[in-house]
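Undergrad: If you scroll down you'll find the structure; I have some questions about it.
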Amino acid sequence: MPSSALYLQAAEELRCNPGQWDAYNADRHCVVLAGPGSGKTKTLTIKMARMLAEDVQEPRGIACITYNNECARELERRLGALGVEAGRRVFIGTVHSFSLTQIVLPYATPAGLALPDNFRVANNQERRGALERAFDRVIGTPENPHNAWRLRLDRYRRTHLDRTAEAWRTDVPTARLIEGYEQELRARGLIDFDDMPLLAIRLLRENDWIRRALLAKFPILVVDEYQDLGYALHGMVLGLCLRTGIRLFAVGDPDQSIYGFTGANPALLRNLSEREGVDCVHLRFNYRCGSEIVRASHYALGEARDYRAPDGAERGSIYFHPRPGNYDAQAEFLFTDLIPQAMERQPGLTGGRIAILYPTATIGDAVASAAQRHGLPFVRTDGNALYPRFSRVMRWLEQCAIWSCGGWATGEPRLSRMMGEAYRLFSESLYAEADRLAFQRELLALLLARPDPGLNLHAWLIAMNDELLRTRFTGCRTLDDEAEVLGEFLAKTAPGGTAAGLTLGQFAGQGEGSDQMVLSTLHSAKGREFAVVVLFGMDAGRIPWNNASQGQVRESRRLFYVGVTRAERELHVAHSAGLPSPFVLEVRDRLAEGGA
């Protein structure tokens, strides 16, 4: 079926929802404020397919910026089902990737930006070293800069974008330390990830011809999860869309802004939605959660919202579990009582439809240990996972393992999507068509030669690294951290390592779509949905933290709200006996009162 027919057919699903239909038909700058479970990704991708087919003539295209690589993969998957593939006309990626590949790399030299020739992105060790040298030179006190200054430096840098403005000198020591840190990087031919959007903003601000070049290439800019992307992305939107003429289609939810520590600010999206010349559309139906869970979510947020379940939706159930003892004892209850009872109530419920969410990865250790004692398979997506879930290389290797362990027969994952991700990942070393074809031949040979799920994972990873990836890492200046993550995982899977004996099939089971229970921090669960959600460790002093500022309390409320709205049918709230979070008390008491 032609791609035009696919998106037109899919658009009929939007017609019965007034908000989705208004967003689909918007023909100028548009901000879509989309609550949990409101079908925002479906709306965004169908709209994007329409704009590409009807509003943008070849060879021009559309750029789509989203929060992280996992979001980008989901958008690619949805667009692929509509016949739209990421490529030369369609950019889909993070704000860092957009800044580097579409602005800094092509325009830094002709614009005279003072960057070292053949600069590369610093790895973690190089960033630490640059900060230590700058701290010794600029501050000179015996403090550890990584403990006392790193977060302060990062927040300041992401908030104060214009170095020529008076606001840059509001905190002189921090501003001087940032300047010294960047000098240390440049002296070694390095930039860091925060440099990417910062340098891009500078190029756009100082060079009208670059803004016009981007307008010529991408007359439409789509932004997903706008509330998470912070001041740098907001600055780009103002410069490219509201001053240069690129058309904006942005989707987000200020109530789900939970990354204040990275510079995100929900007010940026609210302010954008209220600007003159910007249409604002609200998606108010929650198709994910049962009606009782939708009601609880209003209390969790602590503010009235006009979100509702559609007519005929399931009611959903909410359970509160005050538990004695420490987190180890409380975690035992999850696997002896709570989860077995949920599975009895819901015949056919599988592990992959259950999530246990907690405030910190340390609390997750107690849950993981209990799950192991009970022999229950699980996937962790927090900071104590086997490997970082944000790693693009590790997620790509997961997909390769799934394909090798039978995915080649089922068509999932699709080989074309795996190759496309590899081309973007190793874009600098796979730029020429001949290099891409050679990479594809080598990859297929490796995957088809080792299709046994019982194969030792370490041996498989060694072959993939030595025969395929090592030389590609060397040719890419942005992948030092990724190579480091893979190296650390190789050490874990080696004999004597913490994951020694792991098989290829077990590694494949860590990927998306596996039927294993999900253990995750609240932050890492954003964007996910599950039939049964357990909020674990919902204690006073944990959410919110003790001595939190008013802003931190508001963000903690939003984080709790995100956790509540992951649940479709059952929501379980577990906390230490006598120590419930004030958010838990408010939800429990208002539900008991039956208030609106």
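The values are calculated or read from the model by the stated rules, or taken from the named source; none is laboratory data. Here the structure is a predicted model, which is why all the values come from computation and not from measurement. Quick reminder, even Gly has a Cβ in these numbers, built from the backbone with ideal geometry, and neighbours come from all protein chains shown. Surface areas here come from the heavy atoms of the whole protein model, side chains and all, with no ligands, DNA or RNA. Shrake-Rupley method; radii C 1.70, N 1.55, O 1.52, S 1.80 Å.
Undergrad: Using 0.36 nm per residue, how much length does the chain from Gln550 to Thr498 gain when fully extended, once their Cα-Cα distance is taken away?
TA: Extra length from Gln550 to Thr498 when fully extended: 14.6 nm.
Undergrad: In addition: Pulled fully out, how much extra length does the chain show between Glu344 and Ala432, if you take 0.36 nm times their separation in residues and subtract their Cα-Cα distance?
TA: The span from Glu344 to Ala432 would gain 26.1 nm if fully extended.
Undergrad: Next up: Using the Cα centre of the stretch 466-595 as origin and beta-carbon charges of +1 (Lys, Arg) and -1 (Asp, Glu), tell me which of Leu585, Thr493, His575 is placed farthest towards the positive end of the dipole.
TA: After comparing all options, I get Leu585.
Undergrad: I need the shape label for the stretch 380-449. Rule: rounded when a/c is under 1.5, else prolate if a/b > b/c, else oblate, with a, b, c from the alpha carbon gyration tensor.
TA: It comes out oblate by the Cα gyration axes.
Undergrad: Per residue of the stretch 261-269, in order, report the coupling 6.51 cos²θ - 1.76 cosθ + 1.60 (Karplus, θ = phi - 60°) as ³J(HN,Hα) in whole Hz, putting x for Gly and Pro.
TA: Once rounded to whole Hz, the list reads 5, 9, x, 5, 9, x, 5, 5, 5.
Undergrad: Short version: what are the Cα gyration tensor semi-axes of the stretch 224-288, square root of 5 times each eigenvalue, largest first, in whole Å?
TA: Each semi-axis is √(5λ); the values are 20, 17, 9 Å.
Undergrad: If you don't mind, there's one more thing I want to ask. Can you tell me the order of 459-469, 158-168 when each peptide is scored by its average per-residue count of other Cβ atoms within 10 angstrom, highest first?
TA: Final packing ranking: 459-469, 158-168.
Undergrad: Now for a separate question. Give the dimensionless ratio obtained when the Cα radius of gyration of the stretch 253-381 is divided by 2.2 N^0.38 Å.
TA: Taking the Cα Rg and dividing by 2.2 N^0.38 Å, one obtains 1.36.
Undergrad: Given H placed on each backbone N at 1.01 Å, which residues far from Val281 in sequence or on other chains put an amide H within less than 5 Å of it?
TA: When sequence neighbours closer than 5 places are left aside, the close amide H contacts are Val31, Val32, Leu33.
Undergrad: For the stretch 57-97, what is the charge dipole size about the Cα centre, in debye to the nearest 20, if Lys and Arg each add +1 at the Cβ and Asp and Glu each add -1 at the Cβ?
TA: Dipole size: approximately 100 debye.
Undergrad: When only C-alpha pairs under 8 Å and at least 6 residues apart count, what is the relative contact order of the chain, in percent?
TA: Answer for the chain is 18 percent.
Undergrad: Along the stretch 312-320, what does the Karplus equation 6.51 cos²θ - 1.76 cosθ + 1.60 (θ = phi - 60°) give for ³J(HN,Hα), rounded to whole Hz, x for Gly and Pro?
TA: Coupling constants for the stretch 312-320: x, 5, 4, 6, x, 10, 10, 10, 10 Hz.
Undergrad: Let me ask you something else. How would you classify the stretch 413-566 from its alpha-carbon gyration tensor, with a ≥ b ≥ c the square roots of the eigenvalues: rounded for a/c under 1.5, else prolate if a/b is greater than b/c, otherwise oblate?
TA: prolate
Undergrad: Here's a follow-up. So, R0 is 22 Å and r is the distance between the beta-carbons of Ser416 and Ala449; what FRET efficiency does that work out to, to 0.05?
TA: With a Förster radius of 22 Å, E is 0.60.
Undergrad: In addition: Only Lys, Arg, Asp and Glu count, each charged at its Cβ (+1, +1, -1, -1), so figure out the dipole size of the chain about its Cα centre, rounded to 20 debye.
TA: Taking the Cα centre of the chain as origin, the dipole is about 680 debye.
Undergrad: Then there's this: Normalised by the number of residues in the stretch 221-348, what is the relative contact order in percent for Cα pairs under 8 Å and 6+ residues apart?
TA: Over the stretch 221-348, the number comes to 18 percent.
Undergrad: With only Lys, Arg, Asp and Glu charged, each at its Cβ (+1 for the first two, -1 for the last two), find how big the charge dipole of the stretch 40-166 is about the Cα centre; round to the nearest 20 debye.
TA: Charge dipole of the stretch 40-166: 280 debye, to the nearest 20.
Undergrad: What distance in nm lies between label points placed 7 Å from Cα along the C-beta direction at Thr170 and Glu58?
TA: 4.9 nm
Undergrad: Then there's this: For the chain, what log10 I(q)/I(0) values come out of the Debye formula at q = 0.05, 0.10, 0.11 1/Å, with one point per alpha carbon and no solvent?
TA: Log-scaled intensity ratios, in q order: -0.22, -0.98, -1.22.
Undergrad: Also, quick follow-up: Viscosity 0.890 mPa s, temperature 25 °C: what is the translational diffusion coefficient of the stretch 496-557 from Stokes-Einstein with a Kirkwood Rh over Cα pairs, rounded to a whole number of µm²/s?
TA: 164 µm²/s
Undergrad: If the cut-off is 15 Å between C-alpha atoms, which aspartates and glutamates fall inside it for Lys492, apart from same-chain ones fewer than 8 positions away?
TA: Glu484
Undergrad: Then there's this: Considering Cα pairs under 8 angstrom that are at least six residues apart, work out the relative contact order of the stretch 504-596 and quote it in whole percent.
TA: Relative contact order comes out at 36 percent.
Undergrad: If you don't mind, another one. Could you pull out every one of the lysines with an alpha carbon less than 24 Å from that of Lys40, ignoring same-chain neighbours closer than 8 positions?
TA: The reachable lysines, counting only those whose Cα sits under 24 Å from Lys40, are Lys526.
Undergrad: Could you pull out the trypsin sites (Lys or Arg not before Pro) across the stretch 32-71 that fall in loop regions by DSSP (anything but H, G, I, E, B) with no more than 16 other Cβ atoms inside 10 Å?
TA: Arg60
Undergrad: Here is a further query. Got a number for carbon plus sulfur as a percent of the stretch 375-421's accessible area, 1.4 Å probe?
TA: Of all accessible area on the stretch 375-421, carbon and sulfur atoms account for 64 percent.
Undergrad: In whole percent, how big is the carbon plus sulfur part of the accessible area of the stretch 39-176, probe 1.4 Å, protein atoms only?
TA: Ligands and nucleic acids excluded, carbon and sulfur give 47 percent.
Undergrad: Next up: Compute the FRET efficiency between Leu151 and Ala409 as 1/(1 + (r/R0)^6), taking r as their Cβ-Cβ distance and R0 = 41 Å, and round to the nearest 0.05.
TA: About 0.30, to the nearest 0.05.
Undergrad: Taking the simple approach of a point 7 Å from Cα along Cα-to-Cβ for both Thr362 and Glu467, what is their distance in nm?
TA: For the pair Thr362/Glu467, the computed spacing is 4.4 nm.
Undergrad: With each pseudo-label sitting 7 Å past Cα toward Cβ, what's the Asn271-Arg77 distance in nm, one decimal?
TA: 3.5 nm
Undergrad: Right, something else. Could you sort the peptides 298-310, 575-587 by per-residue average Cβ neighbour count (10 Å cutoff), highest mean leading?
TA: My ranking of the peptides, most packed first, is 575-587, 298-310.
Undergrad: Quick check on the stretch 1-89: take the gyration tensor over C-alpha atoms, sort the square-rooted eigenvalues as a ≥ b ≥ c, and tell me if it's rounded (a/c under 1.5), prolate or oblate.
TA: rounded
Undergrad: Work out how much length Asn118 to Arg137 would gain on full extension: take 0.36 nm times their residue separation and subtract the Cα-Cα distance, in nm to one decimal.
TA: 4.2 nm
Undergrad: Also, I was wondering about something else. For the chain, report the accessible area per residue in Å² (1.4 Å probe, heavy atoms, rounded to an integer).
TA: So the chain comes to 42 Å² accessible per residue, rounded to a whole number.
Undergrad: Would you please give the residues with an amide H less than 5 Å from that of His321, counting only those at least 5 places away or on a separate chain, with H modeled from the backbone geometry?
TA: Val573, Ala574, His575
Undergrad: Output the antiparallel fraction of DSSP beta bridges having both residues in the chain, as a percent to the nearest 5.
TA: So the antiparallel bridges amount to about 5 percent of the total.
Undergrad: Across the stretch 162-179, in residue order, what do the Karplus-derived ³J(HN,Hα) couplings come to in whole Hz, using 6.51 cos²θ - 1.76 cosθ + 1.60 with θ = phi - 60° and x for Gly and Pro?
TA: 9, 6, 8, 7, 4, 4, 4, 9, 4, 10, 4, x, 5, 4, 5, 5, 4, 4
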